[in-house]
Amino acid sequence: MANFNNIPVADFAYRLEAMTKDEVFSVMTDLEAASERVEGAERDEVLARIVITEEEIEKRFPGQLLAPYREWKRRNR
């Protein structure tokens, strides 16, 4: 994953919109892993990006919550 912590949150959200489903899911996987490695303000930044990514997934798959992501993650282990 590109280091999205170096770009403003608004730009991050904009970039997510242009990504394919697989790219968005990959970003989410990377963010989840990063959230376990970092602490403090850096963790807050990662968690904010997780929320934005969850919103993008839910926008693409209305009413399915994160089920498509979880299924993708299961298939790609």
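Remarks
- The residue of the stretch 42-53 that is nearest to PRO8 (Cα to Cα), among those that are in contact (Cβ under 8 Å) with a residue 24 or more places away in the chain and surrounded by fewer than 16 Cβ atoms within 10 Å (Cβ to Cβ), is ALA48.
- Residue within the stretch 28-36 that is of a type outside the set (Asp, Glu), over 13 Å from the mean Cα position of the chain (by Cα) and modelled with pLDDT under 95 present: no
- Tally, over the stretch 5-15, of residues that are open to solvent by less than 40 Å² (accessible area, probe 1.4 Å), not aromatic (Phe, Trp, Tyr) and not in a loop (DSSP other than H, G, I, E, B): 1
- Within the stretch 16-41, the residues that satisfy the criterion of being of a type in the set (A, V, I, L, M) and open to solvent by 50 Å² or more (accessible area, probe 1.4 Å) are ALA18, ALA41.
- On inspection, ALA67 fails the criterion of being out of contact with any Asp or Glu (no Cβ under 8 Å at 6 or more places or on another chain), closer than 19 Å to ILE7 by Cα, surrounded by fewer than 13 Cβ atoms within 10 Å (Cβ to Cβ) and not β-branched (Val, Ile, Thr).
For (1) small (Gly, Ala, Ser); (2) in a helix (DSSP H, G or I); (3) in contact (Cβ under 8 Å) with a residue 40 or more places away in the chain, each residue gets a yes or a no:
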site: GLU32; (1), (2), (3): no, yes, no
site: LYS59; (1), (2), (3): no, yes, no
site: GLY63; (1), (2), (3): yes, no, no
site: TYR69; (1), (2), (3): no, yes, yes
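- Pairs, first among the charged types (D, E, K, R) in the stretch 6-21, second open to solvent by less than 80 Å² (accessible area, probe 1.4 Å) and modelled with pLDDT under 95, C-beta under 8 Å, six or more apart: ARG15/PHE4; ARG15/ILE7
- The stretch 54-64, residues that are within 19 Å of PRO8 (Cβ to Cβ) and either touching a Pro at 6+ places or on another chain (Cβ under 9 Å) or open to solvent by 90 Å² or more (accessible area, probe 1.4 Å) (or both): GLU55
- Test result for ALA2, assigned to a helix (DSSP H, G or I), surrounded by fewer than 11 Cβ atoms within 10 Å (Cβ to Cβ) and modelled with pLDDT under 95: no
The values are calculated or read from the model by the stated rules, or taken from the named source; none is laboratory data. Just so we're clear, the structure is a prediction, and the values are computed from it rather than from any experiment. Counting neighbours? That spans all protein chains shown, and the Cβs are built from the backbone with ideal geometry, glycine included. Surface areas here come from the heavy atoms of the whole protein model, side chains and all, with no ligands, DNA or RNA. Shrake-Rupley method; radii C 1.70, N 1.55, O 1.52, S 1.80 Å.
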